[in-house]
Amino acid sequence: MSEFTVYGVPGSPYVRSALLGLEEKGADWRLDPLTMNEMRGPRHVQLHPFGRIPILDHGDFRLYETQAILRYLDRIIPNPALTPTDPRAEGCMNQLCGITDWYVMPDISSGIAFGRVVAPKFGIPVDEARIQAAIPRAKLCVAEIARLLGDQAYLVGASVSIADLMMAPHLAFLAETTEGQEMLASHPNLSAWIARMEERPSMKHTTWDRLASLAIAS
């Protein structure tokens, strides 16, 4: 039996973030999939009263909220560390985690990537007006993340942090869209960071297709 169980929908950027943390730590995990039809249904709200994903089980301990899951993993599996020791770098990491939740998710993932990447997979009509309305704020997000990244290898320095694991699944989706490619063309440092993250084994082991195949196998 795997040490950790993650509940969620394959393809969710937040589910992927939690799995990235487990992969980066070399932990043994399994995905207990939720279908789109199960979202906010009886099984789901038993796991998470607010009807969100992911949810982590570690033995008899259950935890939800992606940032909480990643911080917990970083405490119980100290190496490799995902939190910088420098207080300013840690502050920047926390800032970028907040940017992911409060701006990237609504303006990029919900605003653009859902319509362009997710909706077609499920036969959901694309809301073009919503995409167009999201573009100005998405451009602001991309520009600010690129500014904060600067010439660093990862978002807050030379090593991967929780900020990278929170942000990467969202921007990987954005990079698949025409709108995202146009935005990222003006920020080669951020495009390079996305490519750098995509090359990590943790990202390769948590692609939508691989998680979907694990869900079928379960």
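The values are calculated or read from the model by the stated rules, or taken from the named source; none is laboratory data. None of the values given here were measured: they were computed from a predicted structure. Glycine gets a Cβ as well: all are built from the backbone with ideal geometry, and neighbour counts include every protein chain shown.
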Region 24-48 residues that are outside the structural domain of Ser161 (by TED's automatic domain parsing), paired with ones that are surrounded by fewer than 16 Cβ atoms within 10 Å (Cβ to Cβ) and basic (Lys, Arg) (beta carbon under 8 Å, 6 or more apart): Leu34/Arg43; Leu47/Arg62
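In region 53-88, which residues are touching a strand residue (DSSP E or B) at 6+ places or on another chain (Cβ under 7 Å) and within 19 Å of Tyr14 (Cα to Cα)? Break it down into steps so the answer makes sense when it comes.
Just the residues of region 53-88 that are touching a strand residue (DSSP E or B) at 6+ places or on another chain (Cβ under 7 Å), to begin with: 53-58, 62-64, 69, 72, 84.
Ile53, Pro54, Ile55, Leu56, Asp57, His58, Arg62, Leu63, Tyr64, Ile69, Tyr72 - these are the residues of region 53-88 that are touching a strand residue (DSSP E or B) at 6+ places or on another chain (Cβ under 7 Å) and within 19 Å of Tyr14 (Cα to Cα).
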Within region 110-202, helices (runs of 4 or more DSSP H) holding 2 or more residues that are in contact with a strand residue (DSSP E or B) (Cβ under 9 Å, 6 or more places away or on another chain) and on the phi < 0 side of the Ramachandran plot: 162-174, 188-198
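Of the residues Thr178, Thr206, which single one is more than 20 Å from Thr35 (Cα to Cα), polar (S, T, N, Q) and modelled with pLDDT of 95 or more? Show your work before the answer.
On the way: Thr206 fails: more than 20 Å from Thr35 (Cα to Cα).
Selected residue: Thr178, the only one of Thr178, Thr206 that is more than 20 Å from Thr35 (Cα to Cα), polar (S, T, N, Q) and modelled with pLDDT of 95 or more.
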Filter result for Ile135 (at pLDDT 95 or above, crowded, with 16+ Cβ neighbours inside 10 Å, more than 19 Å from the chain's Cα centre (by Cα) and not assigned by TED's automatic domain parsing to the domain that holds Arg16): yes
Gly111, sole failed condition from (1) in the same structural domain as Thr207 (by TED's automatic domain parsing); (2) surrounded by 18 or more Cβ atoms within 10 Å (Cβ to Cβ): (1)
Region 1-45, subset modelled with pLDDT of 95 or more and of a type in the set (S, T, N, Q), residue farthest from the chain's Cα centre (by Cα): Thr5
Region 71-106: number of residues that are closer than 18 Å to Ile145 by Cβ and part of a helix (DSSP H, G or I): 19
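So that you can scan it fast, the table gives a plain yes or no per residue for (1) farther than 29 Å from Cys141 by Cα; (2) among the basic types (Lys, Arg):
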| site | (1), (2) |
| --- | --- |
| Lys25 | no, yes |
| Thr35 | yes, no |
| Met39 | no, no |
| Pro42 | yes, no |
| Leu47 | yes, no |
| Pro87 | no, no |
| Gly98 | no, no |
| Trp102 | no, no |
